[in-house]
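Read-outs: derived from the displayed coordinates by stated rules, not from any lab. The structure displayed is predicted, hence computed values, not measured ones. In this analysis, Cβ positions are derived from the backbone assuming ideal geometry, glycine residues included, and neighbour counts consider all displayed protein chains.
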Amino acid sequence: MTKREIENKVDLVLSEKFLHYEIEDVPDIENKPDLRLTSGNTGLSGEFSFLSVGMHCSADYTDEHRLHTMTKIYKAYHHCMVECIKENDGRVRSFDGDRVLAVFDGKRKVNNAMDCAMKMVGCRYDILQPKILAAFSNDSFSLGVGISTGAAMVSKAGAGYDKTNRDLIWIGTPPILSAKLSEEADAPYSIYICKNTFERLLESNRYISENETTIDMWTKAKLKLKNKNIDIYKTRHWRPI
């Protein structure tokens, strides 16, 4: 493609009218794709809960382990994370190295995402950590999970011919914030959530009972985002598998 052809495409994208549609469900990208989601100037927007999970210390693994060992660890980790997402009605929408992005919709989106996060950390302690330690004598990895809820837009970009999720981009603060929260979260506080998510949690995801005493699972904290300090909440609690 020549420079002029690229310039013509950019001019068309920037000048063409943008068609925007409101949605409630995460767009299906496999069985019944939403025909409004095209490679042209179209976008679908709605309110969703975004969950981002990443493996901390994976760079250390890459340096210390042979490639086939690291691949085994990644595959085991991704399998556990995807199963947690599917079990809690989430949709996997991107993979980026050790990072996974899932999107939740519906009336229970916030608490489904929260249930998923609790189980993800449970997978780390109950399954991944002991099995990886037994197989490779290394116990250096942990998980960070971030959840943010709010309005976002999904549009199609990239090559324009790929029918999978690789052509979709999620635009807005919630998907960005979920990734930032997952980067900050680390054991023992493995789950970070935004204020909007926290305020919509059910009691089952807010409190636990210990020795006949009701305890708030969450600790309030601050996070710097776009030169502003925002309220977030973190927890060290998780659920066994």
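Ordering Ile6, Ile241, Trp218 by Cα displacement along the dipole of the chain toward the positive end leaves Ile6 in first place; charges were set at the Cβ atoms of Lys, Arg (+1) and Asp, Glu (-1). Report note on the peptides 175-184, 229-238, 44-53, 31-40: ranked by the mean count of other C-beta atoms within 10 Å, highest first, their order is 44-53, 175-184, 229-238, 31-40. With the gyration tensor restricted to C-alpha atoms of segment 32-123, the semi-axes of the equivalent ellipsoid amount to 28, 18, 10 Å, longest first.
Of the cross-linked pairs Lys119/Lys222; Lys75/Lys131; Lys32/Lys75, those separated by over 23 Å at the C-alpha level are Lys119/Lys222; Lys32/Lys75. The alpha carbons of segment 111-150 stretch over 41, 14, 8 Å along the principal axes, in descending order. Over the chain, all Cα pairs binned in 10 Å intervals from 0 give whole-percent P(r) values of 7, 29, 31, 22, 9, 2, 0, 0, listed from short to long. In order along segment 202-214, the phi-based Karplus estimate (6.51 cos²θ - 1.76 cosθ + 1.60, θ = phi - 60°) of 3J(HN,Hα) comes to 6, 4, 5, 9, 9, 10, 10, 10, 10, 6, 6, 10, 7 Hz; Gly and Pro are listed as x. Tell me whether segment 104-229 comes out rounded, prolate or oblate; compute the Cα gyration tensor, take square roots of the eigenvalues as a ≥ b ≥ c, and use a/c under 1.5 as the rounded threshold. Judged from the Cα gyration tensor, segment 104-229 comes out oblate (a/c at least 1.5, b/c at or above a/b). Each of Thr173, Cys80, Gly97 was placed along the dipole of the chain (beta-carbon charges, centred on the mean Cα), and the one lying farthest toward the positive end is Thr173.
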